[in-house]
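Undergrad: Shown below is the structure under consideration.
The values are calculated or read from the model by the stated rules, or taken from the named source; none is laboratory data. Model, not experiment: these values are computed from the prediction. Cβ placement follows ideal geometry from the backbone for every residue including glycine, while neighbour counts extend to all protein chains displayed. Keep in mind that these areas ignore ligands, DNA and RNA; they rest on the heavy atoms of the full protein, side chains included. Shrake-Rupley method; radii C 1.70, N 1.55, O 1.52, S 1.80 Å.
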Amino acid sequence: MHFIGSDLGGTNIATALVNEKGEIIEKDKRPTEAAYGPEHVILSMIEAIKRVAARTGMDNIAGIGLGIPGIVDVEMGLSIFAGNLGWENIPVMEKFKKEFAKIPIFLDNDVRVATLGEKYFGAGRGVDNLILITLGTGVGSGIIINGKLYRGKTYSAGEIGHITIFSDGLYCNCGNRGCLEVYASAPGIARRARDYIRTGHFTIMAGMVGHDLSKITAEVVSKACDLGDRLALTIMEETAEILGIGIANYINILNPEMVIIGGGVSLAGNKLFDPLRKTVRQRTMRNAGENVRIVPAELKDESGMVGAAALAMEGLGVI
């Protein structure tokens, strides 16, 4: 039995043919190209699905799962709002249902499907109360309570990236200001590095990008950390503290057994996780903080694809 999972991100569309064990058989990765509009992006996802399905033939696909950013109306198949894509009230499912009329299709928020991937096939196997937080172009989270994905009344549960960390902070794409996402996302980390450099702070990061500050990324900051750059280490510690405050609030409210951290920024490893765990311990109620594990995602950049396939498997009662 085979399933397809397609994960739409702000930067890339990642699609995979997956078996019922969560193993990837074929995959496709292509740029999102959100600037060309939602119809272009949706057609690109459809092309990717067809390409990976060619491995076994469309007749052998039991279900298709889709993960898209932002707030999603699961029942209506609607993208209510996706700030990083510039989408609002986009009827996502229409074209998919027309194109794949004979195959069950399931849709949810991209981070929630990644959460299912980690629960069934990754770091969260056997854990019934967990949170997955993804750090990439944006910051999002998925919540599992008593073994079930929690979506909330209007399908907007888990938007940790848009909790306010600084009341008078920078403006966010969502319209609020001071959001966690503005500071702890990959673009937010890179922006803070550029701001420090422009105000005269010495760092090897400028030389690493040929003094073209527009080329500084979160990955550059991480590499500079590995080389012992003081400013890069400061930025990473700041990021861990800001993120830790947000996670501590989550832990105090939901009392999970595990917090899984995924996304590109999480690849920074212990230079992010060590100060993050320290901040969480300092800011949580003792019983909750001492009984939660904060771990990296196992599926890494495959969690969205595998999780979207898991969404279809769960919807069809396979898992």
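Undergrad: Using a Förster distance of 41 angstrom, determine the FRET efficiency expected from the C-beta separation of ASN287 and LYS50, and round it to 0.05.
TA: Values: r = 51 Å, r/R0 = 1.24.
For R0 = 41 Å, the calculated efficiency reads 0.20.
Undergrad: Follow-up. Which value results when the Cα radius of gyration for segment 1-155 is divided by 2.2 N^0.38 Å? Each step should come with its number before you reach the end.
TA: On the way: Rg = 14.8 Å, N = 155, 2.2 N^0.38 = 15.0 Å.
Output field value: 0.99.
Undergrad: At a threshold of 8 angstrom on Cα-Cα distance, excluding pairs fewer than six apart, so keeping six or more, what relative contact order does the chain reach in percent? Please list the in-between numbers first.
TA: On the way: 674 pairs, mean separation 66.0, N = 319.
Taking the mean separation of contacting Cα pairs over the length of the chain, I get 21 percent.
Undergrad: While we're looking at this one, here's another question. Sort all Cα-Cα distances of segment 134-255 into consecutive 10 angstrom bins from zero, then give the percent of pairs in each bin up to the one containing the longest distance.
TA: 13, 39, 30, 14, 5, 0
Undergrad: When ligands, DNA and RNA are left out and all protein chains stay put, how many square angstrom of accessible area per residue does segment 128-236 have with a 1.4 Å probe? Before the final figure, lay out the partial values.
TA: Details: 5180 Å² over 109 residues.
Heavy-atom accessible area per residue stands at 48 Å².
Undergrad: Using +1 on the beta carbon of Lys and Arg, -1 on that of Asp and Glu, and nothing else charged, what's the dipole of segment 9-158 about the Cα centre, debye to 20?
TA: On the way: 17 positive and 17 negative charges, 50 e Å.
Taking the Cα centre of segment 9-158 as origin, the dipole is about 240 debye.
Undergrad: Nearest 10 degrees, 0 to 90: what angle lies between the long axis of helix 270-283 and the longest principal axis of the chain (Cα atoms)?
TA: 80 degrees
Undergrad: Report, to two decimal places, the Cα Rg of the chain normalised by 2.2 N^0.38 Å (N = number of residues). Each step should come with its number before you reach the end.
TA: On the way: Rg = 19.4 Å, N = 319, 2.2 N^0.38 = 19.7 Å.
In units of the 2.2 N^0.38 Å rule of thumb, it is 0.99.
Undergrad: Taking Cα atoms, how many degrees apart are the long axis of helix 230-254 and the longest axis of the chain, rounded to 10 and kept between 0 and 90?
TA: It is inclined by approximately 60 degrees.
Undergrad: Determine, from the Cβ-Cβ distance of LYS97 and GLU298 and an R0 of 51 Å, the FRET efficiency 1/(1 + (r/R0)^6), rounded to the nearest 0.05.
TA: Numbers: r = 32 Å, r/R0 = 0.64.
With a Förster radius of 51 Å, E is 0.95.
Undergrad: What FRET efficiency comes out for the pair ASP212/ARG191, r = Cβ-Cβ distance, R0 = 22 Å, nearest 0.05? Don't skip to the answer; put the middle values down first.
TA: Values: r = 15 Å, r/R0 = 0.68.
The computed FRET efficiency comes out at 0.90.
Undergrad: Continuing with this model, one more query. Taking only protein heavy atoms and a 1.4 Å probe, what accessible area per residue, in Å², does segment 1-77 have with all protein chains in place?
TA: Per-residue accessible area for segment 1-77 comes out at 44 Å².
Undergrad: For segment 258-282, list residues with backbone N below 13 Å from a point placed 7 Å from the Cα of ASN129 toward its Cβ?
TA: Correct set: 258-259.
Undergrad: Once a ≥ b ≥ c are taken as the square roots of the eigenvalues of the Cα gyration tensor of segment 189-319, is the result rounded (a/c under 1.5), prolate (a/b larger than b/c) or oblate (a/b not larger than b/c)?
TA: On the way: a/c = 3.00, a/b = 1.52, b/c = 1.97.
The shape class here is oblate.
Undergrad: To the nearest Å, what is the center-to-center distance of segment 154-182 and segment 88-120, using C-alpha atoms only?
TA: Taking the Cα centre of each part, segment 154-182 and segment 88-120 sit 25 Å apart.
Undergrad: With the full set of protein chains in place, find how many percent of the accessible area of the chain is carbon and sulfur; take the probe as 1.4 Å. Spell out each step's value before the answer.
TA: Numbers: 7150 of 14490 Å².
Accessible surface attributable to carbon and sulfur in the chain totals 49 percent.
Undergrad: Helix 303-315 sits at what angle to the longest principal axis of the chain, using alpha carbons and giving 0 to 90 degrees rounded to 10?
TA: With both axes taken from Cα atoms, the answer is about 40 degrees.
Undergrad: Separate question: Quote the charge dipole size of the chain about the Cα centre in Debye, to the nearest 20; the model charges only the Cβ of Lys and Arg (+1) and of Asp and Glu (-1). Kindly include the intermediate steps, with their values, before the conclusion.
TA: Working: 33 positive and 36 negative charges, 74 e Å.
The calculation lands at about 360 debye.
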